[in-house]
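Visitor: Have a look at this one.
The values are calculated or read from the model by the stated rules, or taken from the named source; none is laboratory data. Source: prediction; values computed, not measured. Here the Cβ positions follow ideal geometry from the backbone for every residue, glycine too, while neighbour counts run over all protein chains shown.
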Amino acid sequence: MALSTLTVTLIVLGAIVLFIILLFNALIRLKNQIENSWAQIDVQLKRRADLIPNLVNSVKGYMKHEKGVLESVTKARTSFLNAGADMGKKAKSSDMLSNALKSLFAVSENYPKLQASQNFLQLQEEITGTENKISYARQHYNDMVMHFNTKLQTFPNNTIAGMLHFTKKQMFEAEASERKNIKVEF
């Protein structure tokens, strides 16, 4: 029996509709994974920001002559907390906070009593662990964005995704200060 033109047309239209539904659901799933990945970064950034007042308080007594370093850490933390939900502002203030913490830990090496303080060492370890988690969460976020953007840009997805108003997502990129080469001398 020969299939009628109407039956063939209905099968083709059904396949197209099924493809669009599957693509839409896949893009929604990826979009939600990206949002979840950003939320995981945000959680770790907030955790780091919450640890900073304890760190500053434990350091204050030892580092009386390093007021500028402590102020830069406090200013960076405030900037992060005021960034709101804006991903770009949060990323920039997070990088500012990372740099301020690096300065604080570098300067702390000049204070042997501080280096011996159990409270300081514990906070330093917690912040270092949190920094590692932030790094991992950023990497996961970028992996999800790459997967999403690739799906959007490949044919025939690009045509249908455009009609469904999906747009590329922005990668989480390091600031220029984080990309500079560190000179190691022995």
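Residue-wise test of (1) assigned to a helix (DSSP H, G or I); (2) closer than 21 Å to ASN119 by Cβ; (3) at pLDDT 90 or above; (4) among the acidic types (Asp, Glu).
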{"site": "ASN25", "(1), (2), (3), (4)": "yes, no, yes, no"}
{"site": "LYS31", "(1), (2), (3), (4)": "yes, no, yes, no"}
{"site": "ILE34", "(1), (2), (3), (4)": "yes, no, yes, no"}
{"site": "SER37", "(1), (2), (3), (4)": "yes, no, yes, no"}
{"site": "GLN40", "(1), (2), (3), (4)": "yes, no, yes, no"}
{"site": "VAL43", "(1), (2), (3), (4)": "yes, no, yes, no"}
{"site": "ILE52", "(1), (2), (3), (4)": "yes, yes, no, no"}
{"site": "TYR62", "(1), (2), (3), (4)": "no, yes, no, no"}
{"site": "HIS65", "(1), (2), (3), (4)": "no, yes, no, no"}
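Per-residue answers, yes or no, for (1) touching a residue at least 12 places away in the same chain (Cβ under 8 Å); (2) touching a Gly at 6+ places or on another chain (Cβ under 6 Å); (3) among the small types (Gly, Ala, Ser):
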| residue | (1), (2), (3) |
| --- | --- |
| ASP50 | no, no, no |
| LEU70 | yes, no, no |
| GLY84 | no, no, yes |
| LEU101 | yes, no, no |
| PHE120 | yes, no, no |
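Visitor: Another question about this same structure. Can you pull out the residues in region 17-35 that are of a type in the set (S, T, N, Q) and surrounded by fewer than 13 Cβ atoms within 10 Å (Cβ to Cβ)?
Guide: In the first step, residues of region 17-35 are kept if they are of a type in the set (S, T, N, Q); the result is 25, 32-33.
Answer for region 17-35, where residues must be of a type in the set (S, T, N, Q) and surrounded by fewer than 13 Cβ atoms within 10 Å (Cβ to Cβ): ASN25, ASN32.
Visitor: Of the residues LYS133, LYS89, LYS113, which single one is more than 30 Å from LEU23 (Cβ to Cβ), out of contact with any Cys (no Cβ under 6 Å at 6 or more places or on another chain) and modelled with pLDDT of 90 or more? Write out each step before concluding.
Guide: Numbers: LYS89 fails: modelled with pLDDT of 90 or more; LYS113 fails: modelled with pLDDT of 90 or more.
Result: LYS133 is the single residue among LYS133, LYS89, LYS113 that is more than 30 Å from LEU23 (Cβ to Cβ), out of contact with any Cys (no Cβ under 6 Å at 6 or more places or on another chain) and modelled with pLDDT of 90 or more.
Visitor: Looking only at region 153-170, decide whether some residue is in contact (Cβ under 8 Å) with a residue 40 or more places away in the chain, surrounded by fewer than 17 Cβ atoms within 10 Å (Cβ to Cβ) and in contact with a Gly (Cβ under 9 Å, 6 or more places away or on another chain).
Guide: Taking every residue of region 153-170 in turn, at least one turns out to be in contact (Cβ under 8 Å) with a residue 40 or more places away in the chain, surrounded by fewer than 17 Cβ atoms within 10 Å (Cβ to Cβ) and in contact with a Gly (Cβ under 9 Å, 6 or more places away or on another chain).
Visitor: Residues in region 171-179: is at least one polar (S, T, N, Q) and modelled with pLDDT under 85? Walk me through it before giving the result.
Guide: Taking region 171-179 first, the residues polar (S, T, N, Q) are 177.
Cutting the leftovers down to modelled with pLDDT under 85 gives us 177.
Yes: one or more hits.
Visitor: A further question on this structure: Report yes if HIS140 is at pLDDT 90 or above and in contact with a helix residue (DSSP H, G or I) (Cβ under 6 Å, 6 or more places away or on another chain), otherwise no.
Guide: On the way: at pLDDT 90 or above: yes; in contact with a helix residue (DSSP H, G or I) (Cβ under 6 Å, 6 or more places away or on another chain): yes.
The answer is yes for HIS140.
Visitor: Same structure, new question: In region 39-71, how many are touching a helix residue (DSSP H, G or I) at 6+ places or on another chain (Cβ under 6 Å), closer than 17 Å to ALA91 by Cα and among the charged types (D, E, K, R)?
Guide: So the answer is 2.
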